[in-house]
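The values are calculated or read from the model by the stated rules, or taken from the named source; none is laboratory data. Quick caveat, the model's predicted, so the values are computed rather than measured. Ideal geometry is used to build each Cβ from the backbone, glycine not excepted, and the neighbour counts take in all protein chains shown. In case anyone asks, the SASA skips ligands and DNA or RNA and just uses the protein heavy atoms, side chains included. Shrake-Rupley method; radii C 1.70, N 1.55, O 1.52, S 1.80 Å.
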Amino acid sequence: MGQFDLTEKTALITGSGKGIGREIALKMAAAGARIAVTDISEEAGEDACREIRNLGREAIFIPMNIGNPDDVETARNIVLNAFGRLDIVVCNAGITFRRGFADLTAEEFDKTIKVNLTGTFNTIKGLLEPLIEAKGRIVVISSASAYTGTGGGAHYSATKAGQIGMTRTLAKELGPLGVNVNCVAPRTIVTEILDHLYPPGSARDALIEQIPLRRIGLPADIANATVYLASDEAGYVSGQTLLVDGART
Ligand SMILES: NC(=O)c1ccc[n+]([C@@H]2O[C@H](COP(=O)([O-])OP(=O)(O)OC[C@H]3O[C@@H](n4cnc5c(N)ncnc54)[C@H](O)[C@@H]3O)[C@@H](O)[C@H]2O)c1
C-alpha cells in the first residue's frame, strides 16, 4: 500500500473493467476507498470487483455507458444508495482507432466525440451534486495525444485536448465549491488500446527507443498519479495536466 490514504472515501471510475481504469480502481481500493466500478462490459466490471473484494475492500459494479446521461443518473443513485456519498470521480473510459483524416468519416468523428468528450461531460454533470457535497475530486484521463496529435487520428486528439480545456474551466468554476479537477495525460501504456495501435513486435521495439526511460508505461504508472491527485496531499493542485509518459513527450 502506498502512502496516500483514501480511507472513508468513495470513488467511481468509468471504464474500470479493464486497462488503466481497472488499475486505478485497484490502487484506490488498496489506498482504502470504496469503489464503484462502472463499464459497458458487465463481465469485465464484475471481474474487477472480484479482484477488489479479494483485497478485502468494498466494490460494486454499475453498468454505465458514459455516452448515455440516463446511465449516469442511475449510477449516481446506485452509488449513493450503496455508500451514501461520492468523493472521487475518475473519467477514464475512452475509445480510439487508427484513421487518417482523409478516410475519417463524420460518423466516426461524432462517435469518438460522443464517447470521449461528451461522455466526460455526462459523467461530471451527472455526478456533480454529490461531488460538491463531499468537496470531492475529479480526475480526467486525457492523453499526451492532446499535445502530440497522435493516438489514432484527429477524432481522438480533438477529444483529448477538449478534456484538458474542460478541466481548466471546471477547476475555475468548481474551485470555490471545494472541488479540485485535474487531468492525467498518459502516453503509450500497455493496454488493449495500445495493442490495437502498436501490435507487439518490431513496431513496439522501435517505440521503446523513443522513450527516454526505456520502457512502455504500465497501468500502475497512471494509477499512482491518479491516486495522488485524488488524495488530500494534492489539496492545492487543480486545473493541471500531469503528463505520465517516461519523458517521451
Ligand atoms: N493505453 C494508452 O496508451 C493510453 C494513452 C493515453 C491515454 N489513454 C486513455 O486512457 C483511458 C483508458 O484507456 P485504456 O488503454 O485503459 O483502454 P482499454 O480499451 O484497455 O479500456 C477501456 C475500458 O473502457 C470501457 N469503455 C469503452 N467505451 C465505454 C463507454 N462508452 N462507457 C463506459 N465504458 C466504456 C471498455 O469496456 C474498457 O473496459 C482512455 O481514456 C484512453 O484515451 C490510454
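The figures follow:
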{"quantity": "Helix 154-174 vs. the chain, principal-axis angle (Cα, 0 to 90°, nearest 10)", "calculated": "30"}
{"quantity": "Share of Cα-Cα pairs in the chain lying beyond 34 Å, as whole percent", "calculated": "11"}
{"quantity": "Rounded D (µm²/s) - region 104-227, Kirkwood Rh over Cα pairs, Stokes-Einstein at 4 °C, 1.567 mPa s", "calculated": "82"}
{"quantity": "Rounded to 10°, Cα long-axis angle of helix 69-83 versus longest principal axis of the chain", "calculated": "40"}
{"quantity": "Solvent-accessible area, 1.4 Å probe, carbon plus sulfur percent, for region 175-249", "calculated": "57"}
{"quantity": "Highest-first arrangement of 118-129, 231-242, where packing means the average Cβ count within 10 Å", "calculated": "118-129, 231-242"}
{"quantity": "Under 27 Å from the Cα of Lys135 - lysines, other chains or at least 8 residues apart", "calculated": "Lys9, Lys27, Lys125, Lys160, Lys172"}
{"quantity": "Mean shadow area of region 1-60, taken as a quarter of the surface of its Cα convex hull (nm²)", "calculated": "3.4"}
{"quantity": "0 to 90° range, to nearest 10: angle between helix 219-230 axis and the chain longest Cα axis", "calculated": "40"}
{"quantity": "Cα shape, region 76-132, gyration tensor, a/c 1.5 rule", "calculated": "prolate"}
{"quantity": "Rounded if a/c under 1.5, otherwise prolate or oblate - region 109-157, Cα gyration tensor axes", "calculated": "oblate"}
{"quantity": "Computed E for Glu73/Arg214 - FRET, C-beta separation, R0 45 angstrom, nearest 0.05", "calculated": "0.50"}
{"quantity": "Probe 1.4 Å, accessible area per residue of region 1-129, Å²", "calculated": "47"}
